[in-house]
Amino acid sequence: MNFLGKLAPVLLLPLSGCILGPDYERPEMRFDLPGYRATPTGEVDGSPAATVESPYKAGWNDPVLVSLLADAAASNLTIRAAFSRLEQSRATLAETRAAFWPTVGVSGSGTRRRAYDPDATASSYAGDLSAGWELDIFGKNRRLSEISEQEYLRAGLSVEDAQQAVASEIALDYIQYRYAQADLALALETLDTLEATAKIAHARKASGFVAGSEADAADASIATARADIPAKQAAVSVAKRALEQLCALPPFALDERLASVSGIPQAAVPPRDLPANLLSRRPDVRQAECTLHAATAQIGVARAARYPSIDLSAGAAVSAAALSSWSAALKSLSFGGSVALPLFRGGALRAAEKRAQAEAEEALLGFHDLVLQAVHEAQNNWTEWASLAARRSELETAVEASRRAYEAAVSLYEAGKVDYTDVVSRQSAYISARAARLNQEAQYASQTVRLAKSLGFSVD
């Protein structure tokens, strides 16, 4: 049997060798989301590498918001930084996997020497070829590759997490902008209404029907309403600047796109008929699982460090007086191997394995803690959303009723049948009802975004 035939069983050792350390087992989701049920065919595969199509689409009814979400996905600095970290993890994974392959190197040298007594010139050239291979008998390199794979997956999930977070922030800030815009419009409309009522009061005063106190009260209401307008204008500007920052744009870059006045956008509500293990699709939960998987693999790395390491090596050396004669210049050919066995490290290797086990236990507890937090977050968001939804019809009723009461009071006041205080009272109730409805509409839209995000859905 030739040398390669004798070497073949040794070369196959990395393929047949054992992998030390516990294999990763995905932990059970200890906390299902209350109010959701498992569906016969709708179970979500929450593994880190899973690409489950989202059963939820926001379906925004505002084209400006849709365009801002698309722009931010490409320009937001947080997302771009997450992509950079993903590239770093991809390179690290490639470096780790390189340990499975032999290393080959070559070196060469050349000299030219001239002697003057006697006059002579001589040249010499030398070269060395070396190769080495660490046999992964106990799975150290395979565990390291497993860790790098999980780091790479976690980096990919951090991109998804950043995209969802930025999309949610864009949506929330845009809702706040449209709310501030509508609140300003309501304040200006209220000012117009107060001025119209004040004209009636001044007309009645001029006709001698009432004392001047009613006109003075009307003027005071107008002044108070005007004082509120600058603050509301500032709120519109601040909300606009927040959107520009998320889109990585300078101030005033969105003025033209946001110039149109539109209502508060609304997104579709996440369906309730979803799998019970829904939260396993959240990027942060899946990142925590990657951390747990990597920590489990680290136990194998620490355990393999207590076992022998075997390295194979081969080399060839050549030398010649001229480059053209290298083909016949082989001087030596070598093959060999080495074994390194840690005998005494003062308990450091055993301590490293115990530390890895403790870190894996900590990662497991962190995973379950995050899942528990996610369950409470989702449930609280659902409760808040349901509360806001229940108020919608009642606020609509309040607005319509207070509008009719106010219009009736103005008509009666013009006819001299009621006092100005009755008009002020009905007017205040009508303004408050409209403001409450507007605030509820903005809160409802924002809560829909928070609910979708807490369930692991993107709102872009």
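List of remarks:
- Gain on full extension, evaluated as 0.36 nm per residue between A206 and S262 minus their Cα-Cα distance, stands at 16.0 nm.
- Legend: P(r) of segment 415-460 from all alpha carbon pair distances, 5 Å bins from 0, whole percents, reading 4, 19, 14, 12, 10, 9, 8, 6, 6, 4, 4, 2, 0.
- Between T103 and F335, the FRET efficiency from the beta-carbon distance, with R0 = 22 Å, is close to 0.90.
- When the Cα atoms of segment 378-447 are aligned to their principal axes, the ranges along those axes come out at 56, 14, 13 Å in descending order.
- In this rough spin-label picture, where each label sits 7 Å from Cα along the Cβ direction, the A231-E361 distance is 5.6 nm.
- Volume in Å³ per residue [convex hull over Cα atoms, computed for segment 328-373]: 156 Å³
- Structural size metrics of segment 319-456, computed from C-alpha coordinates, are Rg and Dmax of 39.5, 124 Å.
- Accessible area of D284 in the full protein assembly, 1.4 Å probe (Å², nearest 10): 40 Å²
- Once both labels are positioned 7 Å from their Cα atoms along Cα-to-Cβ, the gap between E394 and S425 label points is 2.3 nm.
- Taking only the alpha carbons of segment 97-253, we obtain Rg and Dmax values of 40.6, 137 Å in that order.
- Segment 134-213: translational diffusion in µm²/s, Stokes-Einstein, Kirkwood Rh over Cα pairs, 4 °C, 1.567 mPa s: 68 µm²/s
- Taking 0.36 nm per residue of separation and subtracting the Cα-Cα distance, full extension of the segment from A351 to S213 would add 41.0 nm.
- Between the beta carbons of R403 and A74, assuming R0 = 51 Å, the FRET efficiency works out to 0.70 to the nearest 0.05.
The values are calculated or read from the model by the stated rules, or taken from the named source; none is laboratory data. As the structure is a computational prediction, the values presented were derived from the model and not from experiment. Backbone-built Cβ (ideal geometry, glycine too); neighbour counts: all protein chains shown. Surface areas here come from the heavy atoms of the whole protein model, side chains and all, with no ligands, DNA or RNA. Shrake-Rupley method; radii C 1.70, N 1.55, O 1.52, S 1.80 Å.
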